[in-house]
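Trainee: I'd like to ask some things about the structure below.
FYI, it's all coordinate maths here, none of it is from the lab. Since we're looking at a predicted model, the values are computed, not measured. Cβ atoms come from the backbone with ideal geometry, glycine included; neighbour counts cover every protein chain shown.
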Amino acid sequence: MLAKLTVSQAAPEIDQNLEISLMITDNETIKELNATYRNKDMITDVLSFPQGDGNFVLPGEPLLLGDIVVCWPRACEQAEQYGHNIEREAGFLFVHGLLHLLGYDHIVAEQEEQMRSLQRQIIESAGLAIAE
């Protein structure tokens, strides 16, 4: 449901089935992935790896968006740090990763605000409380 909600709000033009890989992992694995693919030798909470360009899809086959990797220990730490439950934090990280797969980013301040606003809307629509 959270994936459908994210796509409907973030990319309403997509009207086909999607395929997303979700990996829940530990600190060591996400640190290794972050170092290997982003040259950042540190633990992070979520990584996204887009696949394909969306221009070549076989009829009747789902659009392959890519992979989302969530670090479970980091998600638990952040839930406690921000004062909300793990369901909310895991949902937020999934939405954040999926938005990256859909082409959203937060490098430039304007893009960051757009992505944050969209994340907030999706999390609220999903009924997951946001800690202020």
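Trainee: 222 nm [θ] for the chain, helices only, -39500 (n - 2.57) per DSSP H run of 4+, per residue, to 500?
Mentor: So the calculated ellipticity at 222 nm is -15500 deg cm²/dmol.
Trainee: Moving on. Work out the length of the dipole vector of the chain about its Cα centre, built from +1 on the beta-carbon of each Lys and Arg and -1 on the beta-carbon of each Asp and Glu, and round it to the nearest 20 debye.
Mentor: 60
Trainee: Starting from the amide H of ASP67, placed 1.01 Å from N in the peptide plane, find each other amide H under 5 Å away whose residue is 5 or more places distant or on another chain.
Mentor: Excluding prolines and chain starts, which carry no amide H, the hits are SER21, PHE49, GLN51.
Trainee: Where does the chain land on the Kirkwood hydrodynamic radius, alpha-carbon pairs, in angstrom?
Mentor: Every distinct Cα pair counted, the radius reaches 15.5 Å.
Trainee: Another question, if that's okay. Taking the Cβ-Cβ separation of GLU112 and ASN39 as r and a Förster radius of 22 Å, what is the calculated FRET efficiency to the nearest 0.05?
Mentor: E between GLU112 and ASN39, to the nearest 0.05, is 0.55.
Trainee: Quick check: pseudo-label points 7 Å beyond the Cα along Cα→Cβ at ILE86 and GLU28, how many nm apart are they?
Mentor: About 2.0 nm separates the two model spin labels.
Trainee: Here is a further query. Work out from phi, with θ = phi - 60° and the Karplus expression 6.51 cos²θ - 1.76 cosθ + 1.60, the ³J(HN,Hα) of each residue of the stretch 60-70, listed in order in whole Hz, and give x for Gly and Pro.
Mentor: Here the 3J(HN,Hα) series is x, 9, x, 6, 7, 7, x, 10, 10, 10, 10 Hz.
Trainee: Pairs of Cα atoms under 8 Å, at least six residues apart: use those to get the relative contact order of the chain, whole percent.
Mentor: Relative contact order of the chain: 27 percent.
Trainee: Roughly what % antiparallel, to the nearest 5, for the DSSP beta bridges in the chain?
Mentor: DSSP beta bridges in the chain are roughly 40 percent antiparallel.
Trainee: Which of the helices in the chain meet the span-like rule: DSSP H, Cα axial reach of 18 Å or more, Kyte-Doolittle mean at least -0.5?
Mentor: Helices passing the filter in the chain: 86-101.
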